[in-house]
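This report refers to the structure that appears directly beneath it.
The values are calculated or read from the model by the stated rules, or taken from the named source; none is laboratory data. What you are looking at is a predicted structure, and each value in this text was computed from that prediction instead of being measured. Here Cβ is always computed from backbone atoms with ideal geometry, including for glycine, and neighbour counts include all displayed protein chains.
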Amino acid sequence: MKEIERKWKIKFCAETFAGKTHYERLDVIQFYIGRIRIRKIYYIRTGEEKYTLTIKGDGTLSREEFEVEIPEEIFERMHDDHRISSSRYFGRIIKKYIYTYPIEDNLLLEIHTFIGEHMGLSILECEFPDEETANDFELPEWIREHVIEEVTEDERYQNKNLAVNGLPD
């Protein structure tokens with residue numbers, strides 16, 4: 001499957017969503033083994049947990065992505081191994097909140113607010129059905145004022161690179 005997304009570095013605070021009743025918050029823990037992402041998502045509203053293994057190809061705006069759900073036990077074992085190893089091969093554990101908000105044209109804005117070692121970084125993401133839609137997309141006015149810069153083409157802001165290298169200078 002192809003993932004097509006744009007990203008923006010933003011100034012974020014909870015008030016960004018004030019009055020936005022359709023958003024959802026997810027709590028995420030993820031780490032990497034090479035280019036393999038292991039992830040736990042906790043859905044605040046439902047209390048549901050989901051565990052995934054994802055392989056992403058190279059690229060920025062558009063890249064291949066393969067994702068499968070894995071049992072909790074596999075996530076926990078790999079998470080424990082990561083904590084014990086703590087080598088730079090595995091990189092840092094990424095912890096973040098993702099605030100999702102549906103917008104027109106069946107698109108979904110996601111604000112990734114990092115905590116822990118990446119505290120202070122907030123990235124806005126939007127996935128698209130095709131590259132033409134992505135290239136033509138304009139952010140809604142209510143979020144534009146929070147944008148610092150678009151970072152779609154800046155690989156330093158890909159999660160795997162944040163895990164290995166930490167925050168960009």
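Structural remarks
- Condition check for residue 46: farther than 25 Å from residue 5 by Cα and either polar (S, T, N, Q) or assigned to a strand (DSSP E or B) (or both): yes
- If you go through region 69-90 and keep only what is over 13 Å from residue 37 (Cβ atoms) and at pLDDT below 90, you end up with 80, 81, 83, 84, 85, 86, 87, 88, 89.
- Applying the criterion of being touching a residue at least 40 places away in the same chain (Cβ under 8 Å) and not aliphatic (A, V, I, L, M) to the residues of region 143-153, the residue that is farthest from residue 31 (Cα to Cα) is 146.
- Region 108-126 - residue that is closer than 16 Å to residue 23 by Cα and touching a Leu at 6+ places or on another chain (Cβ under 6 Å) and, of those, surrounded by the most Cβ atoms within 10 Å (Cβ to Cβ): 111
- Residue pairs meeting the criteria (Cβ under 8 Å; at least 6 apart or on separate chains; first closer than 15 Å to residue 163 by Cβ, in region 99-122; second acidic (Asp, Glu)): 112/125
- Among the candidates 111, 93, 103, 123, the residue that is of a type in the set (A, V, I, L, M, F, W, C) and at pLDDT 95 or above is uniquely 123.
- The residue that is surrounded by the fewest Cβ atoms within 10 Å (Cβ to Cβ), among those in region 127-163 that are in a helix (DSSP H, G or I) and under 15 Å from the mean Cα position of the chain (by Cα), is 156.
- The residues of region 29-66 that are more than 20 Å from residue 155 (Cβ to Cβ), surrounded by 14 or more Cβ atoms within 10 Å (Cβ to Cβ) and of a type outside the set (Phe, Trp, Tyr), listed by number, are 29, 38, 40, 41, 50, 52, 53.
- Total residues in region 27-60 satisfying the condition of being more than 21 Å from residue 115 (Cβ to Cβ), aliphatic (A, V, I, L, M) and at pLDDT below 95: the figure is 2.
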